1. Among the residues in segment 201-208, are any among the aromatic types (F, W, Y) and in contact with a strand residue (DSSP E or B) (Cβ under 9 Å, 6 or more places away or on another chain)?
2. Filter segment 57-99 for residues that are at pLDDT 95 or above and among the hydroxyl-bearing types (S, T, Y); which is most open to solvent (accessible area, probe 1.4 Å)?
3. Condition (residue is over 25 Å from N20 (Cβ atoms) and either of a type in the set (F, W, Y) or exposed (fewer than 14 other Cβ atoms within 10 Å of the Cβ) (or both)) applied to segment 229-243: is it met by at least one residue?
4. Hey, which of the strands (runs of 3 or more DSSP E) in segment 106-215, taking only ones fully inside, have at least 3 residues that are within 14 Å of the chain's Cα centre (by Cα), surrounded by 14 or more Cβ atoms within 10 Å (Cβ to Cβ) and in contact (Cβ under 8 Å) with a residue 40 or more places away in the chain?
5. Does at least one position in segment 170-181 carry a residue that is among the aliphatic types (A, V, I, L, M) and under 26 Å from S57 (Cβ atoms)?
6. What do you reckon, is L101 closer than 23 Å to K54 by Cβ, in a strand (DSSP E or B) and touching a helix residue (DSSP H, G or I) at 6+ places or on another chain (Cβ under 9 Å)?
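The values are calculated or read from the model by the stated rules, or taken from the named source; none is laboratory data. Only a predicted model underlies this, so the values are computations on that prediction, with no experimental measurement involved. Cβ placement follows ideal geometry from the backbone for every residue including glycine, while neighbour counts extend to all protein chains displayed. Ligands, DNA and RNA are stripped out before the accessible areas are found, and what is left, the full protein with its side chains, is counted by its heavy atoms. Shrake-Rupley method; radii C 1.70, N 1.55, O 1.52, S 1.80 Å.
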Amino acid sequence: MRYMEIDWNKAWAEETELWNQSAGKPCQGFWEDKNSAEVFAQKDIRQHKKRLEKTLSLLELTPDMRVLDIGAGPGNLAIPMAKKTAWVTTVEPSPGMNAVLDDQIAENRITNITTIRAAWEEVDITLLTPPYDLVVASLSLGMPDLKGTIEKMNQVCSGQVALFWHAGIPEWEDMPRALWPDIFAMPYHGGPKSDIIFQLLYRMGIYPDVKVFSNDFCEIFESMDSAVSFYARRFQILSPEHQPIVEAYLKEHCKKDDRGLVHEFNHIIMKLSWQLGDSGCSSTQGEKR
């Protein structure tokens, strides 16, 4: 295939579908119940504090800013953004995540957040109050039609659009890549990465500012049994015969210290952002070919 003939939106959609097939369901499906969402929210704050702080610092928030947070999850960015800006509108499809977000809004006595309980692809923009000074999607780009997603973001933004997504192969994919052939008799296919986003934006005539940062984190367990049980649930492994496969992998890749059994990961995040004018067109937009 010739380079200029590559359909990067189609490539994103195909990679997303393979990812969903490997995982067993779309990423938002993992957080449908409130208990799972609460566990995620607390873990995200505890283990990813540096990532959340770095993300907020790169958004350059101001008191008069109106923000649209797409894929807001439990509000781990929306709550601190609301404390620093004039208004935040969240878009989140998961019932469990929205339930936790509601609790966070009440607990923090936040009065400047509007919640929209739907997937971004399904949101009627007449329900929004554009234009927004900032549209952000942080690790929440599980939509198959990325081009349509971006066009819709541009449509409601008069300032900056900022996408945060995975760059390279995150180390948490190493485990399913190693185990899937033995457990499911199929290869594991990770999600699409930031290179496709950049290529798609470029083809759309948007030349984003790019920043890259590292997010190191770990899972900590009291025992090997608790670690195996955790990953058995995570990977939806129901058969007892598969647990020794998981345990063998963990014995090789975990270490023990005073915290317990530690499974470490390295993750590279890429921020791709661009500015829009009042007309809704990118200020760096070039001629589309």
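1. yes
2. Filtering segment 57-99 for residues that are at pLDDT 95 or above and among the hydroxyl-bearing types (S, T, Y), the one most open to solvent (accessible area, probe 1.4 Å) comes out as S57.
3. Yes, the conditions are met somewhere in segment 229-243.
4. Once the strands (runs of 3 or more DSSP E) in segment 106-215 are filtered for at least 3 residues that are within 14 Å of the chain's Cα centre (by Cα), surrounded by 14 or more Cβ atoms within 10 Å (Cβ to Cβ) and in contact (Cβ under 8 Å) with a residue 40 or more places away in the chain, what remains is 132-138, 157-167.
5. Checked against the condition, which is being among the aliphatic types (A, V, I, L, M) and under 26 Å from S57 (Cβ atoms), segment 170-181 yields no hits at all.
6. The answer is no for L101.
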